[in-house]
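Let me begin by presenting the structure, written as structure tokens, before commenting on it.
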Amino acid sequence: YLVLVPLFMLLYASVKSTEDKLPFESTVTSLGNYVTIFTSPSMAAIFFDTFLFTAGSVVVGLPIAILLAWLLERTAIPGRAWIANAILVPMTIPSLLSAIAWIQLLDPRTGLVNVVLRNIFALSSDSGPFDIYSLYGMCFVQGLRLVPSAYLMIAASFRAMDPSLEEQSAMAGRGVAQTTFKITLPIMRPALLAALIYFIIVVIESFDIPGLLGFTARIRVLSTAIYWATHSEVGLPDYGLASALGTIILAAALLLMWIYQRLTAHQERFATITGKGYRPRQVSLGAWNGAATAFCLGYIFVAVLLPFVMLLWTSVQPFYAVPSADSLARVSFEGYLNIWRDRSVVRAMWNTTVLALVTSLATILLAVLVSWFVVRRQRTGNGLANYLATISFLPQCVPSIVIGLAFIFVYVRFPIPIYGTLWIIALALTTRYLAFGSRATTSALMQVHGELEEASQMSGARWTKTLRRITMPLLAPAMINVFLWVAVHAMQELSMAIMLYNPDTVVVSTMIWSMWQNGRTADAAVLGVILILLSALLLLGAQAFSFVRGRSQLQS
């Protein structure tokens, strides 16, 4: 119901004439929306810009992630553990705030980097040399956003790869470049393809950065085209056009996932860990250690320190100003006190807290039930379990803004009174995060033998009691990780929230968006810093739990 009904309504709306009405109010069925998309010159420009934005972002982010993963997992550069933790810090910074920070850094007139460069090189122009309001700027910021997640996806494969294969290549007289392209990258193909295809989907669905930077640059991609079709400043919303665009994005995502499965169908060809002397180890870079460390620290400075420090600086200024002696004298933390006097901010914080808790709990509950059915029923040859596994993963292929649009159609039409409430946002987020939650709990449940549950049931316990007293306690680590991951992402989510919220259901992410659009730069930065700190506290809580649990297991 959560996954298939909204997608059916999306497809239904895409073949309805809805230029001036909702899909189910129209009696005309046609392919007019698709004809408009594929024959309109403005739509051709949107498709082309989407392609350039996606390709540029992946070209920026994926090579950096691959190099970082190789350096931190396969080499012996100093401080690897500290660098690896620092690389993940940007995951606590929402994409919207990253875009705001880089606007403050690379605005052509007032950006800190541009001002410093003009002063150093005595440039006569009062703008540039960099312009964040461009396709290049969008690709740069989005590419940096991809690095931490791509690093996590790729690093494990580098860590597990048997170095003897590269050693044999070196003994055969092959250089580093030949070994890399003939041995390392072909073996890494599944991990690299997974990262490439997954992040193509991520960039296509991205709304925060194209919405903020592309709006000023007058560059529209598919995600922002869907938003502006349903939030038209002139005329009525065109839900039919938005639905057709959403269907095209969905089809592209499903095609990419199918291609990945075809390319990695014979996974045994890529196996390097066997029982024959496998020995993972790091190699020394010798004289290149300094350059490798400098590269890692340079990335941390650009992707972590610069954006956060810029947000912090903006939050303690009454209005944005380039750092100088005069602006330093205006530093004040009154913004952090005054922000709580705004009732809409207090409402947004409360709504965000409720949303994070409800979404996390609902996702965990559904994920555990799906995992139990998939794992336990697959052993009995139940074909329905395979369908359930596929359907539960489907939201991973559906862009967030498309899910938000589909939920509009479902709950305006169906007699379930949650449209315009916080619960529709929570339900949409639960649907989006079900894929991650069910995969995490399924992996954990596979390690729990079914005989434990059988023993409980033979003792007279009902299935629900067995699940509550036996299965769920054993899944507690995975459940807590899912809870924290979902809570952090629910607090930061903008795409679905901006499609479904109203003034009574505003959350922190939509409040920051609204503040920035209305010129309240300092307030947006204050709220952003608070959101980042809350996300960091949740992630530190997860680290602390894992550490305490690990020590208790060692002691027992």
| Which numbered condition trips up residue 387, out of (1) more than 30 Å from residue 467 (Cα to Cα); (2) in a helix (DSSP H, G or I)? | (1)
| field | Which listed residue, of 313, 288, is touching a Pro at 6+ places or on another chain (Cβ under 9 Å), over 30 Å from residue 409 (Cα atoms), in a helix (DSSP H, G or I) and modelled with pLDDT of 70 or more | value | 313
| Which listed residue, of 252, 194, is at pLDDT 75 or above and either in a helix (DSSP H, G or I) or open to solvent by 30 Å² or more (accessible area, probe 1.4 Å) (or both) | 252
| query | Assuming residue 296 fulfils every condition listed in (1) out of contact with any strand residue (DSSP E or B) (no Cβ under 9 Å at 6 or more places or on another chain); (2) within 30 Å of residue 8 (Cβ to Cβ); (3) open to solvent by less than 40 Å² (accessible area, probe 1.4 Å); (4) at pLDDT 80 or above apart from one, which condition is it? | reply | (2)
| message | Pairs needed: first member in the stretch 395-406, free of Cβ contacts under 8 Å to residues at least 40 places away in the same chain; second member anywhere, open to solvent by less than 10 Å² (accessible area, probe 1.4 Å) and in a helix (DSSP H, G or I); C-beta distance under 9 Å; at least 6 residues apart or different chains. | response | none
| request: Could you tell me which residue of the stretch 27-44 is least open to solvent (accessible area, probe 1.4 Å), considering only residues that are in contact (Cβ under 8 Å) with a residue 12 or more places away in the chain, out of contact with any helix residue (DSSP H, G or I) (no Cβ under 6 Å at 6 or more places or on another chain) and within 19 Å of residue 252 (Cβ to Cβ)? | output: 36
| task | Please indicate, with yes or no, whether at least one residue in the stretch 314-327 is within 28 Å of the chain's Cα centre (by Cα) and either over 21 Å from residue 480 (Cβ atoms) or open to solvent by less than 60 Å² (accessible area, probe 1.4 Å) (or both). | result | yes
| task | Kindly indicate which of 146, 88 is within 20 Å of residue 295 (Cβ to Cβ), among the aliphatic types (A, V, I, L, M) and at pLDDT below 85. | result | 88
| request: Would you check if there is a residue in the stretch 516-535 being modelled with pLDDT under 90 and on the phi > 0 side of the Ramachandran plot? | output: yes
| query | Before we move on, is residue 114 outside any loop (DSSP other than H, G, I, E, B) and surrounded by fewer than 22 Cβ atoms within 10 Å (Cβ to Cβ)? | reply | no
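From the list 392, 332, 360, 344, which residue is over 18 Å from residue 105 (Cα atoms) and not in a helix (DSSP H, G or I)?
Values: 392 fails: not in a helix (DSSP H, G or I); 360 fails: not in a helix (DSSP H, G or I); 344 fails: not in a helix (DSSP H, G or I).
Only one candidate qualifies: 332.
Looking only at the stretch 72-109, which residues are over 20 Å from the mean Cα position of the chain (by Cα) and either acidic (Asp, Glu) or under 30 Å from residue 126 (Cβ atoms) (or both)? Even if it seems obvious, please write down each step before you answer.
Taking the stretch 72-109 as the starting set, the residues that turn out to be over 20 Å from the mean Cα position of the chain (by Cα) are 72-83, 103-109.
Answer for the stretch 72-109, where residues must be over 20 Å from the mean Cα position of the chain (by Cα) and either acidic (Asp, Glu) or under 30 Å from residue 126 (Cβ atoms) (or both): 73, 103, 104, 105, 106, 107, 108, 109.
Restricting the stretch 447-495 to residues that are among the hydroxyl-bearing types (Ser, Thr, Tyr) and either assigned to a loop (DSSP other than H, G, I, E, B) or touching a Gly at 6+ places or on another chain (Cβ under 7 Å) (or both), which is modelled with the highest pLDDT?
Our first condition is that a residue be among the hydroxyl-bearing types (Ser, Thr, Tyr); within the stretch 447-495, this holds for 456, 459, 464, 466, 471, 495.
Remaining after also requiring either assigned to a loop (DSSP other than H, G, I, E, B) or touching a Gly at 6+ places or on another chain (Cβ under 7 Å) (or both): 459, 495.
Numbers: 459: 77, 495: 86.
The qualifying residue modelled with the highest pLDDT is 495.
For the stretch 412-441, what are the residues that are farther than 18 Å from residue 485 by Cα, in contact (Cβ under 8 Å) with a residue 12 or more places away in the chain, open to solvent by 10 Å² or more (accessible area, probe 1.4 Å) and not small (Gly, Ala, Ser)?
The answer is 412, 413, 421, 422, 423.
The values are calculated or read from the model by the stated rules, or taken from the named source; none is laboratory data. On a predicted model such as this, the values are computed, not experimentally measured, just so you know. Ideal geometry is used to build each Cβ from the backbone, glycine not excepted, and the neighbour counts take in all protein chains shown. To get the accessible areas, we keep the full protein, side chains included, count just its heavy atoms, and leave off ligands, DNA and RNA. Shrake-Rupley method; radii C 1.70, N 1.55, O 1.52, S 1.80 Å.
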